[in-house]
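The values are calculated or read from the model by the stated rules, or taken from the named source; none is laboratory data. Quantities reported herein were computed from a predicted structural model and do not represent experimental measurements. In this analysis, Cβ positions are derived from the backbone assuming ideal geometry, glycine residues included, and neighbour counts consider all displayed protein chains. The area values use the complete protein model at the heavy-atom level, side chains included, leaving out ligands, DNA and RNA. Shrake-Rupley method; radii C 1.70, N 1.55, O 1.52, S 1.80 Å.
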Amino acid sequence: MDKKRIYLSSPTMHGDEQRFVQEAFDTNWVAPLGPNVTAFEKEIAAYTGCGHAAALSAGTAAIHMALRLLGIKQGDVVFVSDLTFSASCNPIAYENGTPVFIDAEPDTWNMSPEALKRAYEKYPNPKAVICVHLYGTPAKLDEIMEICEAHGTPLIEDAAESLGSTYRGKHTGTFGKYGIYSFNGNKIITTSGGGMFVSADGEAAKKVTFLATQARDPARHYQHSQIGYNYRMSNVTAGIGRGQLLHLEEHKAKKKEIYRKYCEAFADIPAIRMNPMNPDGDANNWLSGMAIAAESQVTPDMVMDALEEKLNAECRPIWKPMHMQPVFAACDFFAHNEDGSSVGEDVFTRGLCLPSDIKNTDEEMEAIIRTVKELF
Ligand SMILES: *Cc1c(COP(=O)(O)O)cnc(C)c1O
């Protein structure tokens, strides 16, 4: 197959990245840390209004550090979104905590406040709630925060996919006690790989920086009173991030345009529903997804196969819910529906992610839309 590949979401570079990387080379600040890291943290803090930020090697590392700050230990229960990527909950297992999965709700495909309430009936004292903003759509933060606050549970926002998304005018990632962003290769901006821990609490960000730099006590000799991690972002990587951040708003605008085009094109096909938006938020539309009506003869596999075979276009299934994963089979799960049926499972079965790469041309978008429409 020599047809040009149409990507789901690949890195989009602009040249500014190289300027910051060149600066790192010119000053021999290749590693460790250095001025790009400090500047990138300040720039993310200024852009999101999060207060304080600590640049790390991955978004997963940032979630791990948030759980470390909360002192999660053996047997501690942590409520976490069920319809997500495994990185949202793996760090709970790193600390031998017990993940309890909270179903999605149909309005935003994010954590269901109803399921969350049910989980509290069985587990009144979770040590944290990890809430994801799936595909860039903000969760129902008012409801979720109210429940968390009523129980005194700290909220960690996994905003790995939603950098640039806002809820009631405020950036996702800045509502919880702690928030995290990811700069993995397929996210809305990338550093090739990296993440950010954010918090209004400057001491928390300092503590994360300390733990992520091998927990070296302030002494001339190498002294340690705590277990540390090698989780910091390098100065070269942060340079890429600084260049990318200059283009985040432009990426967001293009992602929104892709979503708008799909919505408009499929508006006359009743069997197709695009992934939901939150009317109280402004999504970055990182990935455009669709769900097919249960009555339809068309399956997500048919759509993905057609796009793959006819256009060499990359699609992706919806994240397979965590309660369906073999590795988490023993974990508890709370469904959104009263009859115990799972919204996340339903979305997984009927949905898929469409090519959402901002470099896709108008012609490619038209071809994708035509190919999907032919199936219905
Ligand atoms: C990408 C992603 C992560 C992990 O980020 P990395 O930087 O790849 O470690 C965590 N949660 C969600 C929802 C993600 O999509």
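For the stretch 154-166, which residues satisfy the criterion of being in contact (Cβ under 8 Å) with a residue 60 or more places away in the chain and buried (at least 23 other Cβ atoms within 10 Å of the Cβ)?
156, 158, 160, 161, 162, 163, 164, 165
Yes or no, residue by residue, for (1) open to solvent by 20 Å² or more (accessible area, probe 1.4 Å); (2) out of contact with any Asp or Glu (no Cβ under 7 Å at 6 or more places or on another chain); (3) over 12 Å from residue 135 (Cα atoms):
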site: 270; (1), (2), (3): yes, yes, yes
site: 275; (1), (2), (3): no, yes, no
site: 286; (1), (2), (3): no, no, no
site: 290; (1), (2), (3): no, yes, no
site: 293; (1), (2), (3): yes, yes, yes
site: 298; (1), (2), (3): no, yes, yes
site: 302; (1), (2), (3): yes, yes, yes
site: 305; (1), (2), (3): yes, yes, yes
site: 311; (1), (2), (3): no, yes, yes
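Name the single residue, out of those in the stretch 38-55 being assigned to a helix (DSSP H, G or I) and either in contact with a strand residue (DSSP E or B) (Cβ under 7 Å, 6 or more places away or on another chain) or within 16 Å of the ligand (Cβ to nearest atom) (or both), that is nearest to residue 162 (Cα to Cα).
48
Looking only at residues that are open to solvent by 100 Å² or more (accessible area, probe 1.4 Å) and among the basic types (Lys, Arg) in the stretch 1-38, which one is farthest from residue 240 (Cα to Cα)?
3
Is at least one residue of the stretch 187-200 more than 15 Å from the ligand (Cβ to nearest atom) and either open to solvent by less than 10 Å² (accessible area, probe 1.4 Å) or closer than 23 Å to residue 320 by Cβ (or both)?
Among the residues of the stretch 187-200, at least one is more than 15 Å from the ligand (Cβ to nearest atom) and either open to solvent by less than 10 Å² (accessible area, probe 1.4 Å) or closer than 23 Å to residue 320 by Cβ (or both), which makes the answer yes.
For the stretch 56-71, state whether one or more residues are more than 18 Å from residue 231 (Cβ to Cβ), in contact (Cβ under 8 Å) with a residue 12 or more places away in the chain and surrounded by 18 or more Cβ atoms within 10 Å (Cβ to Cβ).
no
Please go through the stretch 144-164 and pick out each residue that is more than 20 Å from the chain's Cα centre (by Cα) and acidic (Asp, Glu).
The answer is 146, 149.
The rows are residues; the columns are (1) more than 14 Å from the ligand (Cβ to nearest atom); (2) in contact with a strand residue (DSSP E or B) (Cβ under 8 Å, 6 or more places away or on another chain); (3) open to solvent by 10 Å² or more (accessible area, probe 1.4 Å).
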{"position": "80", "(1), (2), (3)": "no, yes, no"}
{"position": "96", "(1), (2), (3)": "yes, no, yes"}
{"position": "107", "(1), (2), (3)": "yes, no, yes"}
{"position": "119", "(1), (2), (3)": "yes, yes, no"}
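Does the stretch 172-186 hold any residues that are among the polar types (S, T, N, Q), more than 9 Å from the ligand (Cβ to nearest atom) and surrounded by fewer than 24 Cβ atoms within 10 Å (Cβ to Cβ), and which are they?
The answer is 174, and nothing else.
Only one of 270, 279, 321, 326 is over 24 Å from residue 4 (Cβ atoms) and over 25 Å from the mean Cα position of the chain (by Cα). Can you tell me which?
270
How many of the residues making up the stretch 178-205 are in contact (Cβ under 8 Å) with a residue 60 or more places away in the chain and more than 26 Å from residue 250 (Cα to Cα)?
Final tally of qualifying residues: 6.
Among the residues of the stretch 132-151, is there at least one that is of a type in the set (Phe, Trp, Tyr), away from the ligand (no atom under 12 Å from the Cβ) and either surrounded by fewer than 24 Cβ atoms within 10 Å (Cβ to Cβ) or not assigned by TED's automatic domain parsing to the domain that holds residue 347 (or both)?
no
Hey, does the stretch 195-211 have a residue that's among the acidic types (Asp, Glu), modelled with pLDDT of 95 or more and within 23 Å of the chain's Cα centre (by Cα)?
The answer is yes; a qualifying residue exists.
With the structure loaded, tell me whether residue 252 is away from the ligand (no atom under 16 Å from the Cβ) and surrounded by 21 or more Cβ atoms within 10 Å (Cβ to Cβ) or whether it fails that test.
Spelling it out, residue 252 is indeed away from the ligand (no atom under 16 Å from the Cβ) and surrounded by 21 or more Cβ atoms within 10 Å (Cβ to Cβ).
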